[in-house]
Structure formats: C-alpha cells, structure tokens
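Laboratory data are not the source of any read-out in this text; all were calculated from the coordinates shown. This is a predicted model, so every value here is computed, not measured. Backbone-built Cβ (ideal geometry, glycine too); neighbour counts: all protein chains shown.
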Amino acid sequence: MRILLTGGTGLIGRALCRHWLEQGHELLVWSRRPEQVPQLCGAAVRGVARLEELGDIELHAVINLAGAPIAERHWTRARKALLWESRINLTERLVDWLAGLTRRPQLMISGSAVGWYGDAGERQLREDDPPASSDFASQLCIAWEESAQRAQELGIRVILIRTGLVLARDGGFLTRLLPPFRLGLGGRIGDGRQWMPWIHLQDQVALIDFLLHHPTANGPYNACAPQPVRNAEFTRNLAQALHRPALLPLPAPLLRVGFGELSGLLLGGQHVLPERLSAEGFRFRFSELPAALADLLDGNHAER
Ligand SMILES: NC(=O)c1ccc[n+]([C@@H]2O[C@H](COP(=O)([O-])OP(=O)(O)OC[C@H]3O[C@@H](n4cnc5c(N)ncnc54)[C@H](OP(=O)(O)O)[C@@H]3O)[C@@H](O)[C@H]2O)c1
C-alpha cells in the first residue's frame with residue numbers, strides 16, 4: 001500500500017513506519033522537517049514539506065497523527081492556539097488537499113485521545129458514551145475528530161483512535177517519569193484515585209495496523225489496554241518494576257499552582273475500555289501493566 005502519514009516523525013509515527021517498511025508498504029511523511037524523515041522514519045521513507053509536491057498521487061490510506069505535544073508546556077493562550085492549529089487547522093488543510101485528488105484514498109485513520117471524554121471520575125467509558133465533562137483537552141479532541149470526519153463527505157472512511165498514555169522504551173510519558181522514579185523520588189499524583197488508561201507502543205502500532213486491514217472499521221476506537229489502572233496503582237507498579245520506593249506524592253494544590261489548567265490533565269482521568277477493538281477481534285499483547293512495564297524496562301531489547 002502507499003500510505004501518507006502526518007506526525008510520522010513522532011513516537012507512534014516512527015514505530016509505525018518501522019513496522020510498515022518491514023511489511024513492504026510505500027510510505028510518505030508530511031513534515032516540517034522533511035530532510036530528517038529518512039533518518040527518523042527509515043531510509044526508504046520520503047519526507048515532503050508541502051502536500052502539493054505529491055501532485056495527483058494515488059494513496060491507499062492516510063494516517064493523521066501530527067500535533068504539538070499536549071503536556072509539555074503551560075497552557076497559555078499562545079500554547080493553546082498552537083495545540084489547536086497543529087491539529088485542527090492541519091487536519092483541515094489535509095482534508096482540503098484530499099478533496100482535490102482524482103483518486104482519493106479509501107481510508108483515513110486520525111488521531112484523538114482518551115481526553116475526548118473529559119474528566120469522567122468513576123464512570124466506565126465505551127466508544128458510544130458522550131463526553132463526561134468539558135475542559136480544553138476534551139474540546140481539542142472533539143474539534144480534532146470533527147475536522148477529520150469531514151473526509152467522510154469525500155467518500156473516505158474515517159477511523160478515530162482515542163489513545164491512552166502510550167508507554168514506550170524511548171520517548172513519551174514513561175521516559176519523562178523514569179528519572180525521578182529511579183532516584184526514589186516518585187509518587188502518586190494528587191489522591192492517586194484518577195484512572196490512567198495506558199497502552200504499550202507495540203499494541204498501539206498493532207491496533208493501527210489491524211484497523212488499516214479491517215475493511216469495515218469506522219468511527220471512534222478506544223486505543224488503550226483492557227485493564228486500565230488508577231494513578232496510585234500505576235505509581236506502585238512502576239516503583240516495583242524499578243525496585244525503588246515511591247513515597248513522595250505530588251499534592252494537588254501544588255500541581256495546580258505549578259501547572260495551572262494543565263494540572264487538570266494529571267489530576268483527572270478516564271476509566272476507558274477498548275470495547276470496539278476487543279469486540280472486533282483485536283488481541284492485546286500487553287493487557288496488564290506489570291507485564292508491559294517489565295517488557296519496556298528490560299534493558300536487553302531493542303526499541304519497538
Ligand atoms: N503519545 C501519547 O501518549 C499520546 C496519547 C494520546 C494521544 N496522542 C496523540 O497522538 C498523536 C501522535 O502521538 P506521538 O506521541 O507520536 O506524538 P509526538 O511524538 O509528539 O509527535 C507528533 C508529531 O507532530 C508533529 N508536530 C509537532 N508539533 C507540531 C506543530 N507545532 N505543528 C505541526 N506539526 C507538529 C511533529 O512532526 P514533524 O516534526 O515531522 O512536523 C511530531 O513528530 C499526537 O497528536 C498526540 O496528541 C499521543
């Protein structure tokens with residue numbers, strides 16, 4: 001297949017490219033740094049700075065993952081504008097360009113996050129549940145999904161992947177947590193009762209590949225392991241995997257002062273279940289957090 005990716009240079013995108021190159025697919029990445037694409041994504045992957053460079057190309061699928069990192073900086077007005085522009089405006093440009101192709105792709109798989117549901121407390125969330133509350137992350141994901149769904153009007157099937165925290169060996173949330181936890185300075189966030197849907201990078205790649213090959217897949221899919229944990233359990237499991245104590249909780253008031261509105265992302269949570277993936281036959285390799293952490297923290301494997 002000939003597949004175009006946005007965000008192909010990111011954590012998930014790079015792993016997808018590695019996987020799909022091995023399968024013999026032809027890959028193109030729309031990027032702000034096209035010259036780095038072969039090095040980051042694989043020598044055979046072509047980077048393009050402008051979609052127009054591709055002419056009237058025939059694509060089989062588009063994977064849309066681009067977006068500025070959500071939890072990296074304070075949500076100032078300028079940062080919120082960038083988070084919005086790099087997802088919603090970018091997706092609109094992508095869909096506008098797809099509209100001009102003579103032979104449009106059949107499928108677009110577009111990014112989203114479990115934050116779509118807002119902070120949902122104890123409620124279990126399946127794909128047909130509405131958002132539980134409205135915060136900036138939820139509004140961002142709702143608008144991101146809506147901008148992608150416009151591609152349906154072009155006859156393109158649209159799949160939305162509401163992704164949990166992606167756990168990887170090199171990059172993402174886990175990598176940022178490791179330094180304090182390795183020093184024994186880790187601890188739960190707030191009261192630790194908030195749910196933390198998570199997914200091993202290997203399963204994230206496998207489920208996107210599964211959806212790519214599933215001819216009737218359509219609409220939103222919760223992309224997280226079938227056994228989500230609360231923050232306190234995550235903290236305990238990570239500390240055990242590293243053989244360190246984790247006794248220093250991050251108190252909610254301190255977090256609110258330090259992180260402002262962004263603290264809501266860490267103090268809130270969603271008890272999300274991958275109902276549709278399980279019902280449609282996807283089998284998770286890592287369903288339980290201790291096994292996922294053991295795999296990722298074992299230094300003897302190459303990154304996957
Ligand atoms: N990783 C997670 O835990 C997680 C969880 C839920 C949802 N998601 C979502 O899934 C998507 C992929 O995740 P990821 O972890 O692979 O992301 P990532 O590593 O942060 O990479 C995202 C890519 O987006 C592009 N990008 C970054 N800033 C941009 C900007 N200002 N304007 C335009 N493009 C920009 C970059 O591509 P170029 O530099 O090539 O342009 C980057 O490689 C993201 O949109 C993320 O929000 C991720």
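For region 105-121, the Karplus equation 6.51 cos²θ - 1.76 cosθ + 1.60, evaluated at θ = phi - 60°, returns couplings of x, 7, 9, 10, 9, 10, x, 6, 9, 4, x, 3, 7, x, 6, 10, x Hz by residue, with Gly and Pro reported as x.
Of the GluC sites (Glu not before Pro) found in region 27-131, those that fall in a DSSP loop while having at most 16 other beta-carbon atoms within 10 Å are 58, 72, 122. Helical content alone sets the calculated 222 nm signal of the chain at -10500 deg cm²/dmol, taking -39,500 (n - 2.57) per DSSP H segment of four or more residues and averaging over every residue.
Relative to the Cα centre, the charge distribution of region 2-297, modelled as +1 at Lys and Arg Cβ and -1 at Asp and Glu Cβ, gives a dipole magnitude of about 780 debye.
Extension gain, residue 129-residue 71: 0.36 nm per intervening residue step, less the Cα-Cα distance, totals 18.4 nm.
In a fully extended conformation the segment linking residue 99 and residue 153 would gain 18.5 nm over its present Cα-Cα distance, using 0.36 nm per residue. Shown here for region 131-237: trypsin sites (Lys or Arg not before Pro) in loop regions (DSSP other than H, G, I, E, B) with at most 16 other Cβ atoms within 10 Å, namely 193. Within region 72-143, the trypsin sites (Lys or Arg not before Pro) that combine a DSSP coil assignment with at most 10 other C-beta atoms in a 10 angstrom radius are 103.
Here region 127-174 and region 234-291 have alpha carbon centers that stand 18 Å from each other. Binning the C-alpha pair distances of region 2-297 at 10 Å intervals from 0 yields a P(r) profile of 6, 28, 36, 22, 7, 1 %, listed from the shortest bin outward. Taking the charge dipole of region 212-296 about its Cα centre, with +1 at Lys and Arg Cβ atoms and -1 at Asp and Glu Cβ atoms, the residue from 221, 281, 270 reaching farthest to the positive side is 270. Summing charges over all other residues whose Cβ lies under 13 Å from the Cβ of residue 116, with Lys and Arg as +1 and Asp and Glu as -1, gives -4. Using 0.36 nm per residue and subtracting the Cα-Cα separation, the extra length available between residue 178 and residue 57 on full extension is 39.2 nm. With pairing defined as another cysteine C-beta under 4.7 Å, the cysteines of the chain that fail it are 141, 224.
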